[in-house]
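One structure below.
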Amino acid sequence: MISKSGATAELVELIPVLRQFQSPLIGIVGNLSCPLVEKVDIVLDARVAREADPLNLAPTCSTTVALGVGDALAVALMRVVDSVTLTSHATIHRDNSAETCCSGVRCYACGEGGCLGGTATTRCAQS
């Protein structure tokens, strides 16, 4: 869950629904004193000193930080979770973008494989 304020009603109300999946909930938040922090399992600090605009209103820096934290988290998890495959990735992407962009899977450890246009990776038996 990504939220600058950590108090967005829609996100807080969504937590009971997400709990049905019995997965840990991760919050990327810009406010460590918020309701979301109390309800997620893991909190990632995405606070920024101020936004880039003169009025400190437009979410410029905060969205960039949240994007970077989310990308780093995704890459780190793909490196440690051996069950990430094109098939498992495509199951949660309704348009099956992983299946259509990749002709195969490239091993992130040794580079072998045939992913030509996508970014999905897994670990091969040799690495």
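The values are calculated or read from the model by the stated rules, or taken from the named source; none is laboratory data. No experiment lies behind these values; they were computed from the predicted model shown. Neighbour counts run over all protein chains shown; Cβ positions are idealised from the backbone, glycine included.
Can you pull out the residues in the range 1-24 that are more than 16 Å from the chain's Cα centre (by Cα) and assigned to a loop (DSSP other than H, G, I, E, B)?
Across the range 1-24, the qualifying residues are S5, G6, A7, T8, Q20, F21, Q22.
Hey, can you tell me all the residues within the range 46-63 that are of a type outside the set (K, R) and either closer than 18 Å to G6 by Cβ or crowded, with 16+ Cβ neighbours inside 10 Å (or both)?
Within the range 46-63, A46, V48, A49, E51, N56, L57, P59, C61, S62, T63 qualify.
Could you say whether any residue in the range 25-45 is under 21 Å from A72 (Cα atoms), surrounded by fewer than 12 Cβ atoms within 10 Å (Cβ to Cβ), more than 19 Å from the chain's Cα centre (by Cα) and modelled with pLDDT of 95 or more?
no
Residues in the range 64-88 that are exposed (fewer than 11 other Cβ atoms within 10 Å of the Cβ) and assigned to a helix (DSSP H, G or I): how many?
Result for the range 64-88: 3.
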